[in-house]
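Worksheet: one structure, shown below.
None of the figures in this text is laboratory data; all of them are computed from the coordinates on show. Because the structure is a prediction, the values reported are computed rather than measured. Using ideal geometry, Cβ is built from the backbone for each residue, glycine included, and neighbour counts are taken over all protein chains shown.
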Amino acid sequence: MDHSGVLALFDRDMREGARPDGPESAIERVGKVVRQIAPAHGWNGVLWSDLDESTADAAIARQIADFAALGREFEWKIYGHDLPIDLGHRLAAAGFTPEPEETLMVGGVDDLTLDAEPPEGVRLVPVTDEPGVELVAEVHELAFGTDSARLRQRMLAQLRADPDSVVAVLALAGDRPVSAARVELMPGTRFAGLYGGGTVEDFRGRGIYRALVAHRARVAVASGYRYLQVDAGAQSRPVLERLGFQPLTTTTPYVYVP
């Protein structure tokens, strides 16, 4: 993979040229900042910026003021190659809180291993309605220990208004939901995004996450996407590498709560 070329393509498609991720969201360009404005349950934040030492602080202050006027918590997601090089320090000084660093990993569809299947006794089922979304939210809370109210609202809104934009899947052991994940499809881009892969503690280490990645990758390939991208934590990165994903850069969310 041409890492620098694919990273530049990712910036153009998914950041600078981003499309809104839901029917109630909008992409705005404010100077050299591209941001998404969404309902309270959606993702609000900065997707891309082209700043330097002389413009960064004013741009940060502008975003704080604008999102505060909306009453929105928001995220400024910075990548390892973003400028200025001290952007993260500037955000922290302005009141943002950094979340754990992750790795942006990308797989070209021709380079991925897509034959992974769930272990015996576990089956994958599509999520197409509100009861299915409730099970996804339940798994999310058990796997990550975080509240899933915003995820629930966002998925329901997507399924109602634009069901082709998200494909969610549950892993069931008997009738028990033990893992869940989704792939988001952005028409007009070359990247499909993998999100939310989480498995309850007593079912980890059995290959379920690997099977969910392969399943979603097959969905994206069938839909004509050229690349798959995922923000990987330390636990998922080795699995993704074995499937053919490659690390391109780091990514760190900085969150501002008005």
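Values for this structure:
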| quantity | calculated |
| --- | --- |
| Peptides ranked, highest mean first, by Cβ atoms within 10 Å: ranges 31-38, 209-216, 5-12 | 209-216, 31-38, 5-12 |
| Percentage relative contact order, region 109-248, counting C-alpha pairs under 8 Å, at least six apart | 29 |
| Antiparallel DSSP beta bridges within region 3-103, percent to nearest 5 | 80 |
| Radius 11 Å from Cβ of GLY121, net charge of other residues (Lys, Arg +1; Asp, Glu -1) | +2 |
| Rounded tilt (10° steps) of 208-222 against the dominant C-alpha axis of the chain | 70 |
| Share antiparallel - DSSP beta bridges, the chain, percent rounded to 5 | 90 |
| Using θ = phi - 60° and Karplus 6.51 cos²θ - 1.76 cosθ + 1.60, couplings along region 241-250 (whole Hz; Gly, Pro as x) | 4, 5, 7, x, 6, 10, x, 10, 6, 9 |
| Rg/Rg_ref, region 109-248, where Rg_ref = 2.2 N^0.38 Å and atoms are Cα | 0.98 |
| Rg in Å to one decimal, and Dmax rounded to a whole Å, for region 200-258 via C-alpha atoms | 14.1, 42 |
| Calculated diffusion of region 39-173, Stokes-Einstein form, Kirkwood radius summed over Cα pairs, 25 °C and 0.890 mPa s, µm²/s | 134 |
| Gap separating the Cα centres of region 2-28 and region 201-217, nearest whole Å | 27 |
| Hz values of 3J(HN,Hα) by residue in region 159-166 - Karplus curve (6.51, -1.76, 1.60), Gly and Pro given as x | 5, 6, 9, 8, x, 6, 8, 9 |
| Global size of region 3-103 as Cα Rg and Dmax, reported in angstrom | 13.3, 39 |
| Chain lengthening between ALA68 and TYR195 when straightened (0.36 nm per residue, less Cα-Cα) | 43.0 nm |
| Residue-by-residue Karplus 3J(HN,Hα) for region 167-183, coefficients 6.51, -1.76, 1.60, Hz, glycine and proline x | 10, 10, 9, 10, 9, 10, 9, x, 9, 8, x, 10, 7, 7, 6, 8, 10 |
| Ranked list, fewest to most other Cβ atoms within 10 Å of each Cβ, for PHE96, PHE203, PHE245 | PHE203, PHE96, PHE245 |
| Assigned charges on the beta-carbon of Lys, Arg, Asp, Glu; region 12-76 dipole about Cα centre (debye) | 160 |
| D (Stokes-Einstein, µm²/s), Kirkwood Cα radius, the chain, 0.692 mPa s at 37 °C | 173 |
| Euclidean distance between Cα centres, region 89-120 to region 57-73, Å | 26 |
| Relative contact order for region 3-103, counting Cα pairs under 8 Å that sit 6 or more residues apart, in percent | 19 |
